[in-house]
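Down below is the structure, laid out as structure tokens.
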Ligand code: DC
């Protein structure tokens, strides 16, 4: 997950390959609660791992459920509560997970006991009053601890076991369908008689109720319904675990990839794009996003558990890839946000109607979406329950800006799609880690599927002499920006190390180059692996450094390592340190830094490092060694160490690492269009 302040996405060109979707959030959290309400163990396969499911799992454990994870086969086994929380007087913190707050409120109110339920500030702004009214009607004592109608809530123990089940339970259906879902999952716990639920107002987001009914049936509860106004839980209904249950891929998460697969011109590029884990067998309402995307021009083939996507092939080069639509989106409230961003790529004005529920989601999504789309050059009309989006009329009309995400995962994922813009502008997503709510690896997944022109993938080069602090500075900058990091010196060290290990004389330039050409190296978890062996420490000795300096003077060795170094230029960007990053390897880099420090300062730093590792070399010996290496690196004929023409000089002799990082980030910001 990108746990950084902002993520700059370079302009993207296309997507190809296969994506395995994370599990559905709606199904995951429902299944977890249903499993907890059963007797016995339910093994859940492919559960979504995200903030919202973690919130639910923690709550269930607090209530006394046993949860066992098996990472080998990606299962979670839930030992149910058999109708009674093991513990009460529990305070449950439910983050911003509506799919935990609403159903747990209903289930715990009916089960009885004392509980406090709270969440983040936004959760306390999301309505729950209609559900509380329904539960109070039944005789459950519930207090608001903050504002009337909103969490946090206090559930009190009931003084009587009697619930008022003889009259229909009325619940509003036109604010959030989660109120009805919550009652449907809770009431089977007390179904000693037929229980009737009456929906007041037109029920919104009915597909989510269908997911609830579908899953209830898997757990032995067969709800009868008469249209969407009246539903009955039959007397004697009893939760029964299905033993094991599989969570299908998240259809709302799929929408970003369906959109990505439809956004670009495939006339020149006939790669396939496949989305696995979701298909015609889906029970999620957002699978109908497929129909909406087709209306906009996407070609989507549906298989039972996979989708294949391609853009509208009839479009001519230069035409917008999609066509505008005017659509009632009540049935796909979450995925419809993706349509709003697809509208940027459509010919004409797109109108998304009947989406008032957006206002009470993770943020007021109607105004958030309107505000951010305008930043990109779209003309947007925000109605009380609709959005009208006219895209930029030509590439020149596109603009870019930092996109606010309002702690809303869908805002972040939706706006990543703006990176496919025809103006080839990068896009900045603020607070990208908010995707953790439902799809922690969203950006990593997108970057593994998306293609960008190599020249548009940013590179920051930090060159300089040995012990100037390049490594520390470069990895800190890379970490800050979420970029990859290349320690090119390690490759020369590895070449010398691997050659010596194979008995090759380091004077044999062709022999070393042959080894360098096929280095079986892997950088993983901060370690360097050669042929599966951890050599991180072995290549860091002074001797290794001298050997690297020697072999790095051979033009054949430098040529052998050229392509390997360039292959590190990958989405979303790279920070590379070495001697010739800015002069030879990435001459087109947007920012080049030449980092120096006096040989005394560098020797002192290296001395400190070596002493801490138990090495007793003297300061004077180290300084002489550094100067000898500087000389060799600077005087060699092939790619000598020298500042690139347009490099910024940074002497960090008396500058702290924190200040150096800020300086580099400041220079970097100066190159950005934001
Ligand atoms: O940065 P370092 O000390 O790990 O580098 C080891 C040697 O490798 C250094 O003395 C010179 C050489 N080198 C190089 O020639 N070109 C690079 N891009 C990086 C390192």
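The values are calculated or read from the model by the stated rules, or taken from the named source; none is laboratory data. Because the structure is predicted, anything quoted here is derived from the model rather than measured. With ideal geometry, Cβ positions are generated from the backbone for all residues, glycine too; neighbour counts draw on all protein chains shown.
Of all the numbered requirements in (1) surrounded by fewer than 23 Cβ atoms within 10 Å (Cβ to Cβ); (2) within 25 Å of the chain's Cα centre (by Cα), residue 345 misses one, and that requirement is (1). Each residue in region 33-52 was checked for being at pLDDT 95 or above, in a helix (DSSP H, G or I) and within 22 Å of the chain's Cα centre (by Cα), and 0 of them qualify. Selection within region 455-481: residues that are over 17 Å from residue 663 (Cα atoms) and modelled with pLDDT under 95. The member of this set that is nearest to the ligand (Cβ to nearest atom) is 466.
Flag set for residue 255, criterion: surrounded by 15 or more Cβ atoms within 10 Å (Cβ to Cβ) and touching a residue at least 60 places away in the same chain (Cβ under 8 Å). Just one residue in the set 393, 468, 424 is surrounded by fewer than 22 Cβ atoms within 10 Å (Cβ to Cβ), touching a helix residue (DSSP H, G or I) at 6+ places or on another chain (Cβ under 8 Å) and in a loop (DSSP other than H, G, I, E, B); that residue is 424. Just one residue in the set 4, 9 is in contact with a helix residue (DSSP H, G or I) (Cβ under 7 Å, 6 or more places away or on another chain), within 30 Å of residue 589 (Cα to Cα) and surrounded by fewer than 19 Cβ atoms within 10 Å (Cβ to Cβ); that residue is 4. When you scan region 208-218, do you find a residue that is at pLDDT below 95, outside any loop (DSSP other than H, G, I, E, B), over 38 Å from the mean Cα position of the chain (by Cα) and crowded, with 16+ Cβ neighbours inside 10 Å, even just one? So far as region 208-218 goes, no, none of its residues is at pLDDT below 95, outside any loop (DSSP other than H, G, I, E, B), over 38 Å from the mean Cα position of the chain (by Cα) and crowded, with 16+ Cβ neighbours inside 10 Å.
With respect to (1) surrounded by fewer than 17 Cβ atoms within 10 Å (Cβ to Cβ); (2) assigned to a loop (DSSP other than H, G, I, E, B); (3) in contact with a strand residue (DSSP E or B) (Cβ under 7 Å, 6 or more places away or on another chain), the lone exception for residue 374 is condition (2). Of the listed requirements (1) touching a residue at least 40 places away in the same chain (Cβ under 8 Å); (2) outside any helix (DSSP H, G or I); (3) touching a strand residue (DSSP E or B) at 6+ places or on another chain (Cβ under 7 Å), residue 198 misses just one: (1). Taken residue by residue, region 122-131 has at least one member that is within 21 Å of residue 232 (Cβ to Cβ) and surrounded by 19 or more Cβ atoms within 10 Å (Cβ to Cβ). Within region 437-460, one or more residues are crowded, with 20+ Cβ neighbours inside 10 Å and within 30 Å of residue 635 (Cβ to Cβ). Would you confirm, using the coordinates I've provided, whether residue 357 is within 25 Å of residue 97 (Cα to Cα) and at pLDDT below 95? Taking the combined requirement at face value, the residue satisfies it. When region 482-514 is filtered for residues that are more than 15 Å from the ligand (Cβ to nearest atom), over 43 Å from the mean Cα position of the chain (by Cα) and either at positive phi or assigned to a helix (DSSP H, G or I) (or both), the ones remaining, listed by number, are 503, 510, 511. Within region 64-107, the set of residues being at pLDDT 95 or above and either assigned to a helix (DSSP H, G or I) or within 17 Å of residue 135 (Cα to Cα) (or both) comprises 100, 101, 102, 103, 104, 105, 106, 107.
Among the criteria (1) crowded, with 24+ Cβ neighbours inside 10 Å; (2) closer than 30 Å to residue 420 by Cβ; (3) in contact (Cβ under 8 Å) with a residue 60 or more places away in the chain, the one residue 53 does not fulfil is (3). Residue count for region 224-239, restricted to those that are surrounded by 20 or more Cβ atoms within 10 Å (Cβ to Cβ) and touching a strand residue (DSSP E or B) at 6+ places or on another chain (Cβ under 7 Å): 2. Can you name the residue in region 515-546 that is surrounded by fewer than 17 Cβ atoms within 10 Å (Cβ to Cβ) and more than 30 Å from residue 607 (Cα to Cα) and, of all such residues, is nearest to the ligand (Cβ to nearest atom)? Here the answer is 517. Determine, yes or no, whether residue 183 is within 19 Å of residue 101 (Cα to Cα) and within 36 Å of the chain's Cα centre (by Cα). Criteria met by residue 183.
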